[in-house]
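This report refers to the structure that appears directly beneath it.
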Amino acid sequence: MNATVASTTVASTTGSAPDGLSLRDVLRHPTIMIGGSIMLIMIAAALLAPWLGTVDPQSLSGARRLKPPSTDIWFGGDMVGRDVYSRTIYGARISLMVGLSVAAISITIGLTIGLLAGFVRWVDAIVMRVMDGLMAIPSILLAVALIALTGASVANVILAITLSEVPRVSRLVRSTVLSLKERPFVEAAIVVGTPFPALLWRHILPNTLAPLLVQGSYIFAAAVLTEAALSFIGAGTPPEVPSWGNMISDGRLVFQIAPHLVIFPGVALALTVLAVNMIGDGLRDVLDPNFRAR
């Protein structure tokens, strides 16, 4: 029992992965390496957008109207003469911000609810029934309804998507806590009178981080896709904001004569989601003992 507690404490304080895995082992996983490299490129493009040969993504020019890609206009121009390359690069900022914000907020709220629901019976009986009700509503439908009530903006999109993701995180953490409560090291900590906050911080929370990391990556990818879907149907970010969903929505009207309006933002969206999913799959393979054994 003491060895188990000690290994858990060491893992949580040193930042290494469970079962003796180090951060270097995690980063060396081929799937994580490939997905992480793509994500680093996307993040660098979003942060360095003004210095990557871009122009104002909302500036209009009749000379660029529906121009095909060329050496002068790398990704061509859209229907009103905006530079598609600049809008694609700046669109990465919206997608990455939405994905990161939704993942961080939903994990923080869901972790708190899940920890309490796993230990406090009345919280489990009341709050988790609310979570079950939210999960019964399709996430895209819930997001559309909230956007219709609050209006289209990036902040409201983040709020709408977060509300649909919190119940999933809560149920994941709750199930993990219920399983951990039966483990000998947790029962021993309860018997010796460990205070409830210390019990959560030292013994429960460190053992929920691995599944939360994997779940967080999938939430990130789902948020990016949902934001693009909402923008595509006109219920997401405002039309003037350069987001990949808005660009694909505008480009579909003239796809037959100007397919570049859909191809470039579509490829950027697909690469981002693919990269995040690869990171999530790699984390699952590394952190889950069952997958490592295979």
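The values are calculated or read from the model by the stated rules, or taken from the named source; none is laboratory data. Predicted, not measured: the structure shown is a model, and the values here were computed from it. For neighbour counting, all protein chains shown are included, and Cβ atoms are generated from backbone atoms with ideal geometry for every residue, glycine included. The accessibility values were calculated without ligands, DNA or RNA, using every heavy atom of the protein model including side chains. Shrake-Rupley method; radii C 1.70, N 1.55, O 1.52, S 1.80 Å.
Note on the stretch 145-161: residues that are part of a helix (DSSP H, G or I) and closer than 13 Å to Gly245 by Cβ total 4. Out of Leu225, Leu274, one residue alone is open to solvent by 70 Å² or more (accessible area, probe 1.4 Å), out of contact with any strand residue (DSSP E or B) (no Cβ under 8 Å at 6 or more places or on another chain) and either of a type in the set (S, T, N, Q) or closer than 23 Å to Leu159 by Cα (or both). It is Leu225. Scanning the stretch 71-92 for residues that are under 23 Å from Ala270 (Cα atoms) and either in a helix (DSSP H, G or I) or of a type in the set (Gly, Ala, Ser) (or both) gives Gly76, Gly77, Val84, Tyr85, Ser86, Arg87, Thr88, Ile89, Tyr90, Gly91, Ala92.
Can you say whether Ala103 is open to solvent by 40 Å² or more (accessible area, probe 1.4 Å), assigned to a helix (DSSP H, G or I) and farther than 15 Å from Leu47 by Cβ, as far as the supplied structure shows? So Ala103 fails the test.
With the structure loaded, tell me whether Ile113 is out of contact with any Gly (no Cβ under 6 Å at 6 or more places or on another chain) and within 21 Å of Asn246 (Cβ to Cβ) or whether it fails that test. When the stated conditions are applied, Ile113 does not pass them. If you check Gly236, Gly251, Gly280 for being more than 25 Å from Leu40 (Cα to Cα) and surrounded by 22 or more Cβ atoms within 10 Å (Cβ to Cβ), only one passes: Gly236.
Selection of the stretch 176-187 for residues being more than 15 Å from Ala117 (Cα to Cα), open to solvent by 20 Å² or more (accessible area, probe 1.4 Å) and in a helix (DSSP H, G or I) yields Pro184, Glu187.
Residue pairs whose Cβ atoms lie under 7 Å apart, separated by 6 or more positions or on different chains, with the first residue in the stretch 204-229 and farther than 24 Å from Thr88 by Cβ and among the small types (Gly, Ala, Ser) and the second part of a helix (DSSP H, G or I) and open to solvent by 30 Å² or more (accessible area, probe 1.4 Å), are Gly216/Ile107.
Residue-wise test of (1) surrounded by 16 or more Cβ atoms within 10 Å (Cβ to Cβ); (2) of a type outside the set (Ser, Thr, Tyr); (3) at pLDDT 85 or above.
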{"residue": "Gly35", "(1), (2), (3)": "yes, yes, yes"}
{"residue": "Met39", "(1), (2), (3)": "yes, yes, yes"}
{"residue": "Ala46", "(1), (2), (3)": "yes, yes, yes"}
{"residue": "Gly53", "(1), (2), (3)": "no, yes, yes"}
{"residue": "Arg64", "(1), (2), (3)": "yes, yes, no"}
{"residue": "Arg93", "(1), (2), (3)": "yes, yes, yes"}
{"residue": "Leu111", "(1), (2), (3)": "yes, yes, yes"}
{"residue": "Asp124", "(1), (2), (3)": "yes, yes, no"}
{"residue": "Ile147", "(1), (2), (3)": "yes, yes, no"}
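Against the conditions (1) touching a Phe, Trp or Tyr at 6+ places or on another chain (Cβ under 7 Å); (2) open to solvent by 70 Å² or more (accessible area, probe 1.4 Å); (3) at pLDDT below 85, Leu27 satisfies every one except (1). Exactly one residue out of Asn207, Asn246 is in contact with a Leu (Cβ under 8 Å, 6 or more places away or on another chain) and of a type outside the set (Gly, Ala, Ser): that is Asn207.
Return yes or no: is Ala152 in contact with a Pro (Cβ under 8 Å, 6 or more places away or on another chain), under 24 Å from Val224 (Cβ atoms) and open to solvent by 40 Å² or more (accessible area, probe 1.4 Å)? Taking the combined requirement at face value, the residue satisfies it. Checked against (1) open to solvent by 50 Å² or more (accessible area, probe 1.4 Å); (2) modelled with pLDDT of 85 or more; (3) closer than 29 Å to Pro238 by Cα, Arg171 meets all criteria but (3).
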